[in-house]
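Read the structure below first, then the notes.
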Amino acid sequence: MKFTKMHGCGNDYIYINCFEESVTDIEKLAPMLSDRHYGIGGDGVILIEPSEIADARMRMYNLDGSEGEMCGNGIRCLAKYISDHGIIPDDRKSAVIQTKTRLIIVDLHRENGLVDSVTVDMGKAVLASELPEDIEVAGLDLKFIGMDIGNPHAVYFLDDNYKLDEMCDGELENIPLESIGERFEKHKRFPEFVNSEFIKVINRGEIQLRVWERGSGETLACGTGSSAAVAAGNLAGKLDSEVLVHLKGGNLRIKYNAKNGHCTMTGPAVEVFSGEIDI
């Protein structure tokens, strides 16, 4: 089977062009392919499929084989793939991608004839909690803001959570996510599990973010998580409507429209290599 490895801000996925390839048992295949020691290595697998109502359909699978609703970094790379590999004309300025829950419009930005960054209409960010809501996780009394942007997020601001701030001495990299991240993801408050974002506000237009993604653990970046964080921060009066988000793997720029609740995200898309694997 042929594949292409791509990443957006270090959030890397294995892409399979299902216009040409046939894939079965993807729930079992995704963990094997994603394994960084025995497989290709990645945060999951994304299938690029034909669609009757869009330019292509995206189906994304996490490290554990579960299917996700949406991936912001993943959809940017998919948009680059369908342009650079001739699924759509290489002079198109935009494309429509079908995801599990809706159609998404992406704008393509090129350098030397190839797509190097993509702007994505991430859809409406909907408040899914009190503003904020109390919760106890890993023995800590915390406050979070719940957001839904096609998938569920719990956003934790350090300045709202002095116990978390004390634990990490004000530095996100000191939060021991490898040992406590799963307790955030699988907390009983979230019966379908949740993506968790941890935010340090630098100023009203700039934040630092770490993310623990349900089904994958900590990743270097998360587009939906960045969008959820900016929307939550704006609703809480902490952030402006346009914010530069610093993630472990790079930077994303998020715009939040308070009038309609929509977020747009702009960030890089990179093709790393292509190959073949026996399955």
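The values are calculated or read from the model by the stated rules, or taken from the named source; none is laboratory data. Note that the structure is a prediction, hence the values are computed from the model and not measured. Note that we place each Cβ from the backbone using ideal geometry, even for glycine, and neighbour counts take in every protein chain shown. To get the accessible areas, we keep the full protein, side chains included, count just its heavy atoms, and leave off ligands, DNA and RNA. Shrake-Rupley method; radii C 1.70, N 1.55, O 1.52, S 1.80 Å.
Kindly provide the set of residues from region 236-276 that are part of a loop (DSSP other than H, G, I, E, B) and either touching a Leu at 6+ places or on another chain (Cβ under 7 Å) or not aliphatic (A, V, I, L, M) (or both), ordered by number. Scanning region 236-276 gives Ala236, Gly237, Lys238, Asp240, Ser241, Lys248, Gly249, Asn257, Lys259, Asn260, Gly261. The set of residues in region 158-169 being surrounded by 19 or more Cβ atoms within 10 Å (Cβ to Cβ) and among the aliphatic types (A, V, I, L, M) consists of Leu158, Leu164.
Filtering region 120-157 to residues that are surrounded by 14 or more Cβ atoms within 10 Å (Cβ to Cβ) and more than 24 Å from Gly261 (Cα to Cα) leaves Ile135, Val137, Ala138, Leu140, Leu142. Among the residues that make up region 256-270, is at least one of them under 16 Å from the mean Cα position of the chain (by Cα), over 19 Å from Asp121 (Cβ atoms) and open to solvent by 40 Å² or more (accessible area, probe 1.4 Å)? So far as region 256-270 goes, yes, one or more of its residues are under 16 Å from the mean Cα position of the chain (by Cα), over 19 Å from Asp121 (Cβ atoms) and open to solvent by 40 Å² or more (accessible area, probe 1.4 Å).
Name the single residue, out of those in region 225-250 being farther than 23 Å from Gly8 by Cα and among the hydrophobic types (A, V, I, L, M, F, W, C), that is surrounded by the most Cβ atoms within 10 Å (Cβ to Cβ). Restricting to residues being farther than 23 Å from Gly8 by Cα and among the hydrophobic types (A, V, I, L, M, F, W, C), the top hit is Leu239. One residue stands out among those in region 1-18 that are touching a strand residue (DSSP E or B) at 6+ places or on another chain (Cβ under 6 Å) and among the charged types (D, E, K, R): the one that is farthest from Gly217 (Cα to Cα), which is Lys2.
Would you please name the residue that is farthest from the chain's Cα centre (by Cα), looking only at residues in region 1-20 that are buried (at least 19 other Cβ atoms within 10 Å of the Cβ) and free of Cβ contacts under 8 Å to residues at least 60 places away in the same chain? Ranking the qualifying residues of region 1-20, first place goes to Ile16. For region 45-67, a residue qualifies if it is over 16 Å from Ile88 (Cα atoms), of a type outside the set (A, V, I, L, M) and either in contact with a Gly (Cβ under 6 Å, 6 or more places away or on another chain) or open to solvent by 10 Å² or more (accessible area, probe 1.4 Å) (or both), and the qualifying residues are Arg59, Tyr61, Asn62, Asp64, Ser66, Glu67. In region 170-220, the qualifying residues are those that are of a type in the set (Asp, Glu) and over 19 Å from Leu140 (Cα atoms), and the one that is most open to solvent (accessible area, probe 1.4 Å) is Glu192. Quick one: is Ser117 among the small types (Gly, Ala, Ser), in contact with a strand residue (DSSP E or B) (Cβ under 6 Å, 6 or more places away or on another chain) and open to solvent by less than 70 Å² (accessible area, probe 1.4 Å)? Answer is yes for this residue.
Checked against the criterion of being free of Cβ contacts under 8 Å to residues at least 40 places away in the same chain, open to solvent by less than 40 Å² (accessible area, probe 1.4 Å) and either within 24 Å of Glu242 (Cα to Cα) or assigned to a loop (DSSP other than H, G, I, E, B) (or both), the candidates Ile88, Ile82, Ile105 yield just one match: Ile88.
Note on region 21-44: residues that are of a type in the set (D, E, K, R) and either crowded, with 19+ Cβ neighbours inside 10 Å or touching a Phe, Trp or Tyr at 6+ places or on another chain (Cβ under 9 Å) (or both) amount to 3.
Does region 14-36 contain any residue that is under 16 Å from Gly150 (Cβ atoms), assigned to a loop (DSSP other than H, G, I, E, B) and not aromatic (Phe, Trp, Tyr)? There is no residue in region 14-36 that is under 16 Å from Gly150 (Cβ atoms), assigned to a loop (DSSP other than H, G, I, E, B) and not aromatic (Phe, Trp, Tyr).
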